[in-house]
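The values are calculated or read from the model by the stated rules, or taken from the named source; none is laboratory data. For clarity, every value in this text was computed on a predicted model and none was experimentally measured. Cβ atoms come from the backbone with ideal geometry, glycine included; neighbour counts cover every protein chain shown. The protein model used for the area step is the full one, side chains on, heavy atoms only, and it has no ligands, DNA or RNA in it. Shrake-Rupley method; radii C 1.70, N 1.55, O 1.52, S 1.80 Å.
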Amino acid sequence: VPRPGETPAHIGGTTLFGDNVEDEWFIVYLVREITREFPGLAARIDDNDGEFLLIEAADFLPKWLNPENSENRVFFYKGELHIIPLSETSEQDWDLSAPCPTIPEALALLSTHSEEFLAAEPIRAAVYKRIDGYPEKIQASLHRAHCYLPTGIVAVLRQRPSLVAAAVRAFYLRDPGDLRACRRPFRTFPADQRVMTLVTFTRCLYAQLVQQKFVPDRRSGYTLPAPSHPQYRAYQLGMKLAHGFEILCSKSSKVAPDSKRNVLSSPLWERFLRSLKEKDYFKGEMEGSAKYLELLHMAEDHFQQSVDVPENSVEVSPSDEILALLQTTSIDLKELERQAACLPPEDDDSWLDLTPDALDQMLKEARSESLPSTNDEEQKYDLETVAESMKAFVSKVSTHEGAEMPWSSDESHVTFDVDSFTKALDRILGADSEELDSDDLDEEEEFDFSDGDDEDLDAGNPRQEQKVSPEELVGSLKAYMNEMDRELAQTNVGKSFTTQKRGVSSVKTASESAGPDCGAEDAELAPVDVDMNLVANLLESYSAQAGLAGPTSNILQSMGVNLPENTDLTGSSSPAVQ
């Protein structure tokens, strides 16, 4: 890539990995090995999600690192992952609004402070875990299958096996417009000359091809044997792959005889034209004017004479490459039939079938990467731990970015500002008589919160201020809460809570009698057992999930609390143990 602006000239590329995320991590492995083999090189890699290396290690990132300031900070250098930190403004504070460094600045910092910028061990371990096992892991991701294909496709795949990816993609992402080329006898790959061959796919490509249900058009010439045929799968795979190749070739620019149009449709020409516009080659002429078209034709002639496209271009489209190979490759039908008679066996595709037990094991392994390992036999399910973990989660301060899970207990304690709390109570309770409306005064008379002196003050000087201490305000608030408890005790809401036990029996919040004369009984109202209600509601929600993912299991697992399976609902009809 030539020098664009301040970024120095470099080697770059883009890969469409589609649904196969493992291809993306294979590229990460290649990039790391390149920087290890050539220590003077620095490399960065991202995708449509952004800095996906940081996403992989999200549980271990420093607090200051976020998507807004992570650009041009993550590099592979000398085979290791490096993160360029923010400029330190003081001993403890970081300037989170600091701009991202430019590429030249980042390279200069890497060359002089590479050891200081080495990513923390947990971050590197999380990233390296995804690329562990390469290059041996490459063979495990491949699948070889028999396919009944036209001889032209067999000859093309012998020269360029990687073109199978473009064909599978064309078939997998087809639309009604693409299928127009398949509703007539195939022009490029007719079905009259087909042979059996062994094709190497990646597992992702093979799965995409197998799982697609497709019935060929009768006019295409492709027919399938009965499903009971021993080679039905090979015929089906070959039919789908042939449709993918035919769709690709129908989109080729070589279908048009105009060679100049073919040259000017390449990505190299688009990049060349963009460079001319940046350098003011057209001198401000309006696009489409006579002078603009004259300069454009001169540039086209120069480009066509200077660049040999597509033979020497590394960005030739797959369809053009397929047609070029068909023109230069000789096809020996007898030799292909002889090779088809002694093909090696195809691979077992039982890996396509994922049992529920295997899925559970995969989920457990993925969860164990971020949670401490526990032995099921030694694990103790303490309900008090569940309640304390939930309390710790609720007590955390959340922001617009979400709430943090209470992983550690060594964080700073919440500070309590008495003055701010007093002012908040003033606003709630209306300590200033000027701010009280008629409803507030009626409530004070009903709940008997105002003293007899208040009436004299109101009659004498309604604007005279009354000093209320914080203790009195808290007492008034408690009185409000007690009165609310008494009212709720007579409703279904109050009866739904479990209360703390008194002696040997559990006292319910509901009182049998109600009225102004039951103050003695109201005073004896048992307080609500917060922990018991919390645990009971959590267990009820967890049981309602029926073994599936849900809010309770997600929150508790993120805090390191794993509940056992609800065995009370399985087995005989014996009563559940409380």
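Out of Pro185, Pro190, one residue alone is open to solvent by 30 Å² or more (accessible area, probe 1.4 Å) and more than 24 Å from Leu343 (Cβ to Cβ). It is Pro185.
Under the condition of being free of Cβ contacts under 8 Å to residues at least 60 places away in the same chain and either open to solvent by less than 20 Å² (accessible area, probe 1.4 Å) or closer than 12 Å to Ile84 by Cβ (or both), the residues counted in the range 96-105 number 4. Residues in the range 111-123 that are over 19 Å from Ala366 (Cβ atoms) and either surrounded by 18 or more Cβ atoms within 10 Å (Cβ to Cβ) or of a type in the set (S, T, N, Q) (or both): Ser111, Thr112, Ser114, Phe117, Ala119. Can you report the number of residues in the range 297-326 which are in a loop (DSSP other than H, G, I, E, B) and modelled with pLDDT under 80? Of the residues in the range 297-326, 10 are in a loop (DSSP other than H, G, I, E, B) and modelled with pLDDT under 80.
Only one of the numbered conditions (1) among the polar types (S, T, N, Q); (2) modelled with pLDDT under 75; (3) closer than 30 Å to Asp59 by Cβ is violated by Ser543, and that is (2). Only residues that are assigned to a helix (DSSP H, G or I), open to solvent by 20 Å² or more (accessible area, probe 1.4 Å) and of a type in the set (Gly, Ala, Ser) were counted across the range 134-175, and they come to 3. It is to be established whether one or more residues within the range 213-229 are surrounded by 12 or more Cβ atoms within 10 Å (Cβ to Cβ), basic (Lys, Arg) and touching a residue at least 12 places away in the same chain (Cβ under 8 Å). Among the residues of the range 213-229, not one is surrounded by 12 or more Cβ atoms within 10 Å (Cβ to Cβ), basic (Lys, Arg) and touching a residue at least 12 places away in the same chain (Cβ under 8 Å), which makes the answer no.
Tyr128 passes every criterion in (1) surrounded by fewer than 20 Cβ atoms within 10 Å (Cβ to Cβ); (2) aromatic (Phe, Trp, Tyr); (3) in contact with a helix residue (DSSP H, G or I) (Cβ under 6 Å, 6 or more places away or on another chain) apart from (3). Is at least one residue of the range 82-90 aliphatic (A, V, I, L, M), touching a strand residue (DSSP E or B) at 6+ places or on another chain (Cβ under 6 Å) and in a loop (DSSP other than H, G, I, E, B)? Checked the range 82-90: at least one residue is aliphatic (A, V, I, L, M), touching a strand residue (DSSP E or B) at 6+ places or on another chain (Cβ under 6 Å) and in a loop (DSSP other than H, G, I, E, B). Here Asp59 meets each of (1) at pLDDT 90 or above; (2) assigned to a helix (DSSP H, G or I); (3) farther than 30 Å from Pro318 by Cα; (4) not polar (S, T, N, Q) with one exception, condition (1). The set of residues from the range 327-336 being in a helix (DSSP H, G or I) and open to solvent by 100 Å² or more (accessible area, probe 1.4 Å) comprises Gln327, Thr328, Lys334.
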